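Colleague: Pasting in a structure now, in structure tokens, and then I'll have a few things to ask.
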Ligand code: TMP
């Protein structure tokens, strides 16, 4: 498998073409941003940790019948993935109130929700990733009714699998963001990443934050938090 030219560079990852037209290489960076790129920094070692954690979680999900884009880890911070057309939606699932949910609805951070919740944002940096509902998604034609149903079903199943899995390591899954893609034959599969950049992970007992909120909120110890997650989940 040969790595060819760079197709795209995002805030935390680069994507390369490969000699296989059906596959891409994702390369994770140590760059960290928040508030739509307004705050910038580096978390040394983050790229490799996010790559390894994402692949670990995706393989666990695959074993539980969730289709993902994962093909093969090829280095500490690079992975071969299936080429898909990304559906431009951020799918956010929440178990506990935190972040924008707490702010928007005045629900105290850490409040356990009576039922896991799900919301969509339009993936568009220029517009600041605005919230979007299913009527809007259908009106604009971003996904079909069937695809939305599929995405919601997968997202809630991923939530229960990941929540239970993380509890074994004393990690509470507060909330997380997913992205899905469409294969050439029209199947919806999980894409992007599942990492401390895209999830809120709290220690079950102390509620210590083990994710990017340490960077977003200037709490310090962000590097240690990423390494702690790697140590707990993968044991390195
Ligand atoms: P929020 O509470 O700020 O809306 O974030 C909800 C979850 O989504 C949280 O786990 C962090 C993740 N997230 C991203 O992955 N990318 C983003 O751009 C934002 C704003 C949040």
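The values are calculated or read from the model by the stated rules, or taken from the named source; none is laboratory data. All of these numbers come straight from a predicted model, not from anything done at the bench. Reconstructed Cβ throughout: ideal geometry from the backbone, glycine too, with neighbour counts over all protein chains shown.
Colleague: Would you confirm, using the coordinates I've provided, whether residue 91 is more than 9 Å from the ligand (Cβ to nearest atom), at pLDDT 95 or above, surrounded by 11 or more Cβ atoms within 10 Å (Cβ to Cβ) and under 17 Å from residue 181 (Cα atoms)?
Modeller: Spelling it out, residue 91 is indeed more than 9 Å from the ligand (Cβ to nearest atom), at pLDDT 95 or above, surrounded by 11 or more Cβ atoms within 10 Å (Cβ to Cβ) and under 17 Å from residue 181 (Cα atoms).
Colleague: Follow-up question, since we're still on this one. Going by the structure shown, is residue 72 farther than 21 Å from residue 160 by Cβ, without any contact (Cβ under 8 Å) to a residue 12 or more places away in the chain and within 16 Å of the ligand (Cβ to nearest atom)? Reasoning before the result, please.
Modeller: Working: farther than 21 Å from residue 160 by Cβ: yes; without any contact (Cβ under 8 Å) to a residue 12 or more places away in the chain: yes; within 16 Å of the ligand (Cβ to nearest atom): no.
No: the conditions fail for residue 72.
Colleague: Among the listed residues 35, 57, identify the single one that is at positive phi and within 15 Å of the ligand (Cβ to nearest atom).
Modeller: On inspection, the qualifying residue turns out to be 35.
Colleague: Looking at the range 161-180 only, could you name the residues that are within 15 Å of the chain's Cα centre (by Cα) and more than 16 Å from the ligand (Cβ to nearest atom)?
Modeller: Residue satisfying the conditions is 161 alone.
Colleague: On to the next question. Please tell me if residue 185 is assigned to a loop (DSSP other than H, G, I, E, B) and within 16 Å of the ligand (Cβ to nearest atom). Walk me through it before giving the result.
Modeller: On the way: assigned to a loop (DSSP other than H, G, I, E, B): yes; within 16 Å of the ligand (Cβ to nearest atom): no.
No; evaluated as a whole, the condition is false for this residue.
Colleague: Return only the number of the condition from (1) within 16 Å of the ligand (Cβ to nearest atom); (2) without any contact (Cβ under 8 Å) to a residue 12 or more places away in the chain; (3) closer than 15 Å to residue 96 by Cβ that residue 118 does not satisfy.
Modeller: Only one criterion is unmet by residue 118, namely (2).
Colleague: Here is a further query. Considering the range 202-227 alone, what residues qualify as being in contact (Cβ under 8 Å) with a residue 12 or more places away in the chain and either in contact with a helix residue (DSSP H, G or I) (Cβ under 6 Å, 6 or more places away or on another chain) or more than 25 Å from residue 100 (Cα to Cα) (or both)?
Modeller: 210, 215, 222, 225, 226, 227
Colleague: Restricting attention to the range 2-32, and to residues there that are in contact with a strand residue (DSSP E or B) (Cβ under 8 Å, 6 or more places away or on another chain) and within 16 Å of the ligand (Cβ to nearest atom), which single residue is farthest from residue 215 (Cα to Cα)?
Modeller: Across the range 2-32, the extreme among qualifying residues is 26.
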